[in-house]
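Heads up: the structure comes next, in structure tokens.
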Amino acid sequence: MLDFNATLIGEMIAFAILIWFCVHFIWPHITKAIEERQIKIAEGLNAAERAHAELKDADNKVAAEIKQARQQATEIIDRAQQQANQILDKARTDAVAEINRQKAAAQDDIASMAQRAREELRERVGALAVQGASKIVQREIDPATHKLLLDQLAAEI
Amino acid sequence: MASEPQGGLTEYITHHLQHFKPVQVSGNFWSVHIDSLTVSLALGVVFCLWFWSKVRKATSGVPSKGQAFVEIVLEFVDGQVKDVFHGDRRFLGPLALTIFVWVLLMNAMDLLPVDLLPMITHQFGASHFRAVPTADLNLTFAMSLTVFLLVIFYSFKAKGFGGYMHELFTAPFGAHPLLWIPNFLLNLVELVSKPVSLSMRLFGNMYAGELVFMLIAGLFSAGSWMLFGMGIIGYTVWEIFHILIIGIQAFIFMVLTIVYISMAHDHH
């Protein structure tokens, strides 16, 4: 049972060959595959993280842009309203000024026409007075000689 | 064989504990154990071809199930090496892997029915056959002596000739010249005990396991149905328990090898 023999040497050689085979043909290839996979996985995780961060950035950017656009829109609306108000005010003041101007012109016309009518009336009254007086006096009154008198009369009417 | 009529249990067991060799006498050096050599070499080839066939198609992408299994085994072994040894694992890793898988496969021969391989080989003219190579001292010592040589080699390599000699003669007691001899003797005992304990542990466990299997198998031919039933139960229980021992012994042999070789790298 406990006899040692050449089996020992044979098994040592076999063991050495097995170790050699494992060292050269099994271990390095499989560890290489594992290490490469580890690198791949690490890269994949990194990429995912980066993509996640980029997505977040993009979201933030979009949100900021939307906010800005909304602000701009409200600004534009405000400005437009202001402008409309200004235009309306201006139109109103213009209209008032035009009305006043027209009114003043009309009043002027009325005044001058009244003046003219008054003068005509005065002349006609003068002439009537002359005619009347000549009929009373029965003779021709020379309008040229009595011009002063007639003018005085006309001014008194 | 259980059917050998005239011998009884004692002869059955002594027959089964005989190795198959060309000359069936003790003491002949060149009369090798053909059974141990055949089974261990066959299992070594199985290990190499199995792992190599998976490794050859190894991809860093999604691995096949076979490759994943090989990777799991390798990662397990590599983890054990990494825990103990902090250096270049390009040799120690494959060494540990070879030991673990090979010893595990050889131990697993114990799980085959104790008479199966002897019965088959008997048809081809083998008078005796022991199926478990790790229950052969020649094999366990072959492995432990190889490990021992590696320990010596790495001791010299890591510390240099002078450094290793210095350590042998001055550690652990001190550098005083009077202490050189005790130091050296202690280191010698420590050194020699490594391969002896390594191989005897594995051999003892496997040999005892085999013996128990044979004893239980003796119940089958004891001639009573009661004993036959007890034999079946006992064989099953022992076999299930033995699965544990098989793994543990392979694991211990591997871990101790790693520890011894990493100790050879340590400076005192």
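Beyond 28 Å in Cα-Cα separation lie the following of the pairs B:K82/B:K159; A:K40/B:K65; A:K40/B:K54; A:K32/B:K194: A:K32/B:K194. Under the membrane-span-like helix rule (DSSP H runs whose alpha carbons stretch at least 18 Å along the helix axis, mean Kyte-Doolittle hydropathy -1.0 or higher), chain B yields B:34-56, B:65-84, B:92-108, B:137-170, B:180-220, B:225-265.
Taking every alpha-carbon pair within chain A, the share separated by more than 19 Å comes to 83 percent. The mean number of Cβ atoms from other chains found within 10 Å of a Cβ in peptide B:145-152 is 2, as a whole number. Taking the accessible area of the stretch B:118-158, probe 1.4 Å, and keeping the other protein chains in place, the carbon and sulfur fraction comes to 75%. Taking square-rooted eigenvalues a ≥ b ≥ c of the alpha carbon gyration tensor, is the protein assembly as shown rounded, prolate or oblate, where a/c under 1.5 means rounded and, failing that, a/b exceeding b/c means prolate? Judged from the Cα gyration tensor, the protein assembly as shown comes out prolate (a/c at least 1.5, a/b above b/c). Given a 1.4 Å probe and the protein chains as shown, B:E11 ends up with an accessible area of around 90 Å². Averaged over the residues of peptide B:97-106, the number of Cβ atoms from other protein chains lying within 10 Å of each residue's Cβ is 3. Look at the stretch B:243-255: the mean tally of other chain Cβ atoms within 10 Å of its residues' Cβ atoms is 0. Mean sequence separation of contacting Cα pairs (under 8 Å, at least six apart), scaled by the length of chain B, corresponds to a relative contact order of 27 percent.
Taking the C-alpha atoms only, the angle from helix A:147-156 to the longest principal axis of chain A is near 50 degrees.
Solvent-accessible area per residue in the stretch A:1-75 equals 70 Å², computed with a 1.4 angstrom probe and all protein chains kept. Accessible area ranking (1.4 Å probe, heavy atoms, ligands and nucleic acids excluded), largest first, for A:I19, B:I252: B:I252, A:I19. Highest mean first, the peptides A:52-58, A:33-39, B:65-71, B:255-261 sorted by other C-beta atoms within 10 Å per residue fall in the order B:255-261, B:65-71, A:33-39, A:52-58. Cβ-Cβ distance of B:W50 and A:L55, R₀ of 41 Å, FRET efficiency by 1/(1 + (r/R0)^6): the value works out to about 0.35. Packing around the peptides B:203-209, B:141-147, taken as the average count of other Cβ atoms within 10 Å per residue, puts them in this order, highest first: B:141-147, B:203-209.
Taking label positions 7 Å along the Cα-Cβ direction at both B:A68 and A:A84, the computed distance is 6.9 nm, reported to one decimal. Extension gain, B:E11-B:F29: 0.36 nm per intervening residue step, less the Cα-Cα distance, totals 3.9 nm. Here the spin labels are modelled as points 7 Å beyond Cα on the Cα-Cβ line, and at A:Q68 and B:I252 they lie 7.5 nm apart. Put simply, chains A and B cover up around 3700 Å² of each other's accessible surface, both sides summed, when a 1.4 Å probe is used.
The values are calculated or read from the model by the stated rules, or taken from the named source; none is laboratory data. Treat the numbers as computed from the prediction; the structure is a model and nothing was measured. With ideal geometry, Cβ positions are generated from the backbone for all residues, glycine too; neighbour counts draw on all protein chains shown. For accessibility, only protein heavy atoms count, side chains too; no ligands or nucleic acids. Shrake-Rupley method; radii C 1.70, N 1.55, O 1.52, S 1.80 Å.
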